[in-house]
Amino acid sequence: MLVTRQLKQVLRRQSVTGPLSASKENESAVSDSRRWISGPSEEIRIPVPYGHIAGKAWGDPNGRPILGLHGWLDNAATHDHLVPLLAEGYRLVSLDQPGHGLSSHYPNGMQYKVSDAFTFLRRVLDHLKWDKTIIMGHSMGGGIGLWYSAMFPEQVEKVICIDLISFGSMALNKHVKAARKSVLETMKVQAKMENPLVPTYNHEDACGRAFMASNLINGLGSINKESVETLMTRGLVEVPDGSGFTWSADLRLRIPTAFNMVQEITEEFGSKVECPHLLIKATEASKYMSDESFDQLLKIFRQNNPHFQYRELPGGHHLHLNTPELVAPIINKFLEKDFSDPDPDRKAHFDL
């Protein structure tokens, strides 16, 4: 296939040039006098009724809290490349969401819903005893953080969304068909799980498959080889007999949702975000909704939140992993900025 040949060319090109090589201009963007979060991460486990939530933690345990959330089928390693470039003084806890990474899967007979994420988030914050936190999320994780900040503004100091403006809506006349598809897919997946055939790969083959799948889903160039290998530190588990690796993510995560949003719901949640809000959008990635819906949400954020800031950066969907040297300086400036004085012009400093 043409797409497969293109992906192989991208993979070969990255192995030669190095996916994280930065120009001198980019290097100067992060080489200032500040100190950065340093040291290895700590593995954490948070008990939940069906098992545990796994995650990684960096930084001063007494630092300002940041809760890190990953995208669909990714995991807590999504922040690995950003962390060394973030200013010190923070405690970053990056989570494997339920069914992802090293977190427990749901019990048999259950399936995942977007609405579960907000209960999971509340449970985690209660366990960590964080009265207020900064939320930094990529893709689905950004959508979760955004909507949670609308629901519980008293708990969210700031929210950072990387390459997702919000959960997208679906035209009303498509809802019944989508619900039918979800039910049928649920039955199909449950049948597979009753007689499981565990796919097994060597590590190189598994990383190659993950690379190709992500680029097919999110667009060519959305993720590079090194970023895939980073995600696969938690995205793969060794099979019991030691013959290879298989995916750690629960198969049920691939079941499409039965009930979707309409535009009015998405806009209502967007209008209720009160905290400082940074949206970083990759210019070479999908908007995951129509241009009209995207622009309307930007308008709603600007009308309702004087501390909304929008920045576009070159790159694909996983730009925070591929080019953290471009993303980290913007995040650091946003984290350091004092928003106590309203902007009289209601115009975001980083807007393009």
**Item:** the range 45-65, residues that are without any contact (Cβ under 8 Å) to a residue 40 or more places away in the chain, buried (at least 17 other Cβ atoms within 10 Å of the Cβ) and out of contact with any Lys or Arg (no Cβ under 6 Å at 6 or more places or on another chain)
**Value:** 56, 57, 58
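Being out of contact with any His (no Cβ under 6 Å at 6 or more places or on another chain) and assigned to a loop (DSSP other than H, G, I, E, B) is the filter here; which residues of the range 71-94 pass it? Step through it out loud before you land on a result.
Let us first name the residues in the range 71-94 that are out of contact with any His (no Cβ under 6 Å at 6 or more places or on another chain), namely 72-74, 76-77, 79-81, 83-93.
Hits for the range 71-94 are 72, 73, 74, 80, 81, 86, 88, 89.
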**Request:** Quick one: count up the residues across the range 115-160 that are open to solvent by 40 Å² or more (accessible area, probe 1.4 Å) and either under 21 Å from residue 50 (Cα atoms) or among the small types (Gly, Ala, Ser) (or both).
**Result:** 8
**Request:** Output the residues belonging to the range 197-232 that are of a type in the set (Val, Ile, Thr) and open to solvent by 80 Å² or more (accessible area, probe 1.4 Å).
**Result:** 198, 217
**Scope the range 256-270; condition modelled with pLDDT of 95 or more and open to solvent by less than 30 Å² (accessible area, probe 1.4 Å); matching residues** = 266, 270
**Request:** Examine the range 96-114 for a residue that is modelled with pLDDT under 95, in a loop (DSSP other than H, G, I, E, B), surrounded by fewer than 24 Cβ atoms within 10 Å (Cβ to Cβ) and at positive phi, and state whether such a residue exists.
**Result:** yes
**Prompt:** So residue 146 clears everything in (1) in a helix (DSSP H, G or I); (2) within 21 Å of residue 334 (Cα to Cα); (3) out of contact with any strand residue (DSSP E or B) (no Cβ under 6 Å at 6 or more places or on another chain) except one condition, right? Which one?
**Reply:** (3)
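Those residues that are aliphatic (A, V, I, L, M) and closer than 17 Å to residue 80 by Cα, I need them from the range 125-148; list them, please.
From the range 125-148, those aliphatic (A, V, I, L, M) are 125, 128, 134-136, 140, 144, 146; that's our starting set.
Matches in the range 125-148: 135, 136.
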**Asked** Residues that are closer than 29 Å to residue 190 by Cα and not charged (D, E, K, R): which strands (runs of 3 or more DSSP E) entirely in the range 217-292 hold 3 or more of them?
**Response** 245-247
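Give the residue that is surrounded by the fewest Cβ atoms within 10 Å (Cβ to Cβ), with candidates limited to residues of the range 78-92 that are in contact with a helix residue (DSSP H, G or I) (Cβ under 7 Å, 6 or more places away or on another chain) and either of a type in the set (A, V, I, L, M) or under 10 Å from residue 66 (Cβ atoms) (or both). Write out each step before concluding.
Applying the first criterion (in contact with a helix residue (DSSP H, G or I) (Cβ under 7 Å, 6 or more places away or on another chain)) to the range 78-92 yields 78, 80-82, 85-87, 92.
Remaining after also requiring either of a type in the set (A, V, I, L, M) or under 10 Å from residue 66 (Cβ atoms) (or both): 82, 85-87, 92.
Working: 82: 22, 85: 19, 86: 23, 87: 17, 92: 24.
Only one residue fits best here, namely 87.
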**Message:** Condition (residue is hydrophobic (A, V, I, L, M, F, W, C), assigned to a strand (DSSP E or B) and either in contact (Cβ under 8 Å) with a residue 40 or more places away in the chain or buried (at least 22 other Cβ atoms within 10 Å of the Cβ) (or both)) applied to the range 161-179: is it met by at least one residue?
**Reply:** yes
**Asked** Which residues, taken from the range 265-319, are of a type in the set (Asp, Glu) and in contact (Cβ under 8 Å) with a residue 24 or more places away in the chain?
**Response** 267, 274, 284, 312
**Request:** Inspect the range 23-44 for any residue being modelled with pLDDT under 95, within 17 Å of residue 224 (Cα to Cα), small (Gly, Ala, Ser) and open to solvent by 70 Å² or more (accessible area, probe 1.4 Å) and give the result as yes or no.
**Result:** no
**Fill in**
Residues in the range 233-248 that are open to solvent by 20 Å² or more (accessible area, probe 1.4 Å) and either within 27 Å of residue 323 (Cα to Cα) or at pLDDT below 95 (or both) total 7
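The values are calculated or read from the model by the stated rules, or taken from the named source; none is laboratory data. Predicted model only: the values in this text are computed from it and were never measured. For neighbour counting, all protein chains shown are included, and Cβ atoms are generated from backbone atoms with ideal geometry for every residue, glycine included. Quick note on the areas: whole protein, heavy atoms, side chains included, nothing else; ligands and nucleic acids left out. Shrake-Rupley method; radii C 1.70, N 1.55, O 1.52, S 1.80 Å.
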